[in-house]
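The values are calculated or read from the model by the stated rules, or taken from the named source; none is laboratory data. Note that this is a predicted model, so its numbers are computed, not measured. Here the Cβ is made from the backbone with ideal geometry for all residues, glycine too, and neighbour counts use every protein chain on show. Surface accessibility is based on the protein's heavy atoms, side chains included, excluding ligands, DNA and RNA. Shrake-Rupley method; radii C 1.70, N 1.55, O 1.52, S 1.80 Å.
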Amino acid sequence: MPAVMVFAPVPQLTVTVEQPSDHGPELHVHPGGQGVWQARMCAGLGAGVTLCAAVGGEIGEVVAALMGHETMEVRTVRRSGGSGWYVHDRRGGSRDTVAEYAGAPLGRHDLDELYSTTLAAGLLADVSLLSGPAAPEVVPPDVYRRLAADLGTHGGTVIADLSGENLTAVLNGGVGFLKVSHEELLAGGWADDDGDKAMVAAARELRRRGARAVLISRADRPGIALLDDDPLLVELPALQVVDHRGAGDSMTAGVATVLAGGGDLYEAVRTGAAAGALNVTRHGLGTGRREAITELARRVEFTPAPT
């Protein structure tokens, strides 16, 4: 079984109100955040997953209890500050934010314990996946640089899905595979527009700065992959969208699972694209049946990207 360690530093409690019929509203309460959604998809694709996270306060107790029901090993560090949460209302069809809190910044002792826990788990894994916090101020960027450098130095494959200063930091540490969205590249000044040539140029710069392979997601447009200096357009299967959130996280998880199992970069990107495409057809983030992803992966097409 491929072994994946997921660094999910500050998971959140997610509360969503929906009304799928006239029989009244439904309340859905789950652990969430980028790392949790990625770990869930990795586990669904057949990986043995170890998730490393810090939780605190009353919300943290609830998050930890809910994560205990996931099909993965969870290693939690009890932190001094409170965990984050959000409340979303989907009764009108769209996702409206009622209230949200990213969580308190991790303290020095919290970071020391979480770093040690994550390093120990990552050294035993085939792949380490570094995910981001709900807000940049919650986790110092240098944590990502250190983890990428330490895990990479000792033979592990490091995959990152980050933005802003955390993206720059992980590049400085060196990363085996970087997944990033075009919105994050535009916001970070890596590209001036989301056209094919601009995205390929951004991917090359990311590789020059420390990423050995790059995958750029572009919502409903073909993704951009830079694999072994080979720039490719990644055509995703077209499916009806229920909720676009979490597609990029599922894409990263698909890549991580295949690479952990010894697959090559092209197979990894195909599976990641298929996982992301399937996730938009579902309300649950980081979910999707393995057999459907396997079949959709056969329908992912690569074509040369203009440079």
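When a/c is below 1.5 the answer is rounded, else prolate if a/b is larger than b/c, else oblate, so apply that to segment 100-209 with a ≥ b ≥ c taken from the square roots of the Cα gyration tensor eigenvalues.
The shape class here is oblate.
For segment 55-112, run through the trypsin sites (Lys or Arg not before Pro) and keep only the ones in DSSP coil with at most 16 other Cβ atoms within 10 Å of their Cβ.
Those that pass, being in a loop and sparsely packed, are Arg91, Arg95.
Among the DSSP beta bridges whose two residues both lie in the chain, what percent are antiparallel, rounded to the nearest 5?
45
Top to bottom by accessible area (1.4 Å), largest first, where do Arg218, Arg289, Arg40 land?
Arg289, Arg40, Arg218
Run the helix sum for the chain: -39,500 (n - 2.57) per DSSP H stretch of 4+ residues, divided by residue count, reported at 222 nm to the nearest 500 deg cm²/dmol.
That comes out to -11500 deg cm²/dmol.
For a quick size check, give me the Cα extents of segment 170-253 along its three principal axes, largest first, whole Å.
Result, largest extent first: 37, 25, 25 Å.
Using the eigenvalues of the Cα gyration tensor, what equivalent ellipsoid semi-axes result for segment 118-163 when each is taken as the square root of five times the eigenvalue, whole Å, largest first?
Square roots of five times the eigenvalues give 20, 10, 9 Å.
Give me the dipole magnitude in Debye, nearest 20, for the chain about the Cα centre, with unit charges on the beta carbon: positive for Lys and Arg, negative for Asp and Glu.
Using Cβ point charges on Lys, Arg, Asp and Glu, the chain gives about 380 debye.
Accessible area per residue for the chain in Å², computed with a 1.4 Å probe and the full protein assembly in place, what is it?
It amounts to 43 Å² per residue over the chain.
Can you put Thr168, Thr294, Thr14, Thr71 in order of accessible area, largest first, using a 1.4 Å probe?
Accessible-area ranking of Thr168, Thr294, Thr14, Thr71, largest first: Thr71, Thr294, Thr168, Thr14.
Take the alpha carbon gyration tensor of segment 93-132, find the square roots of its eigenvalues, order them as a ≥ b ≥ c, and report rounded if a/c is under 1.5; if not, report prolate when a/b exceeds b/c, else oblate.
oblate
Over the Cα atoms of segment 1-84, what radius of gyration and what Dmax do you get, in Å?
Here Rg and the maximum Cα pair distance are 14.0, 44 Å.
Using bins 20 angstrom wide from zero, how does P(r) for the chain break down, in % of all Cα pairs?
That works out to 36, 59, 5, in percent per bin.
Over the chain, what percent of the accessible surface lies on carbon and sulfur atoms, probe 1.4 Å?
Answer for the chain is 49 percent, counting heavy atoms of protein chains only.
For segment 67-170, state which chymotrypsin sites (Phe, Trp or Tyr not before Pro) are in a DSSP loop and have at most 13 other beta carbons lying within 10 Å of their beta carbon.
Within segment 67-170, no chymotrypsin sites (Phe, Trp or Tyr not before Pro) qualify (loop, at most 13 other Cβ atoms within 10 Å).
Roughly how many whole Å is it from the C-alpha centroid of segment 146-180 to that of segment 290-304?
Taking the Cα centre of segment 290-304 as reference, the centre of segment 146-180 is 26 Å away.
Determine ³J(HN,Hα), in whole Hz, for all residues of segment 4-12 in sequence, where each value follows from phi through the Karplus function 6.51 cos²θ - 1.76 cosθ + 1.60 and θ = phi - 60°; x replaces Gly and Pro.
For segment 4-12, the Karplus-derived couplings read 10, 9, 10, 8, 10, x, 9, x, 10 Hz, x marking Gly and Pro.
With unit charges on the beta carbon (Lys/Arg positive, Asp/Glu negative), name the residue among Ala39, Ala148, Ser80 whose Cα is farthest towards the positive pole of the charge dipole of segment 30-171.
Ala39
Just to be sure I understand the rule: take each whole DSSP H helix in the chain, project its Cα atoms onto its long axis, keep it if the span is 24 Å or more and its mean Kyte-Doolittle hydropathy is at least -0.5. Which ones pass?
Membrane-span-like by this criterion, though nothing is claimed about a membrane: none.
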